[in-house]
1. Among (1) assigned to a strand (DSSP E or B); (2) surrounded by fewer than 18 Cβ atoms within 10 Å (Cβ to Cβ); (3) touching a residue at least 24 places away in the same chain (Cβ under 8 Å), there is one condition residue 71 misses while meeting the rest; what is its number?
2. Pairs please, first residue from the range 78-93 and in contact (Cβ under 8 Å) with a residue 60 or more places away in the chain, second anywhere and part of a strand (DSSP E or B), Cβ atoms under 7 Å, 6+ apart in sequence or on different chains.
3. Please verify whether residue 70 is at pLDDT 95 or above, in contact with a strand residue (DSSP E or B) (Cβ under 8 Å, 6 or more places away or on another chain) and closer than 16 Å to residue 127 by Cα, treating the condition exactly as stated.
4. So how many residues does the range 24-53 have that are under 21 Å from the mean Cα position of the chain (by Cα), farther than 17 Å from residue 142 by Cα and either modelled with pLDDT of 90 or more or not in a loop (DSSP other than H, G, I, E, B) (or both)?
């Protein structure tokens, strides 16, 4: 019985040390910004020239440390000209993650990519890829709420 009390006392001691050394958790009010807009182009560079294959536009909203976006895309050039759909997802400082939905078929595909910003010129650019189609670049401008 003495061994049981000794083991229990050690666990209580370790538990109180952990509890007192744990950082205090401060609940913060979520940051939610105004809805802002973006417009841009989908394409790829070839021989130093920008080759536009589509357009994109939509809205984004700040949610704490990331941004949530929703928008539309359309392929305007090439074999898939006339294809349209929607997109939605989240992005942070450099990473973009979301999904696209192809309007004609209703198929969904995940997208992942990189994104960068020129805050002084209110421009963005990056590259994304999916399980279907080639990895494409995008660039455009945005307006803050």
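1. Only one criterion is unmet by residue 71, namely (2).
2. none
3. In short, no.
4. Of the residues in that region, 3 qualify.
The values are calculated or read from the model by the stated rules, or taken from the named source; none is laboratory data. This is a predicted model, so every value here is computed, not measured. Every residue, glycine as well, gets a Cβ built from its backbone with ideal geometry; the counts of neighbours run over all protein chains shown.
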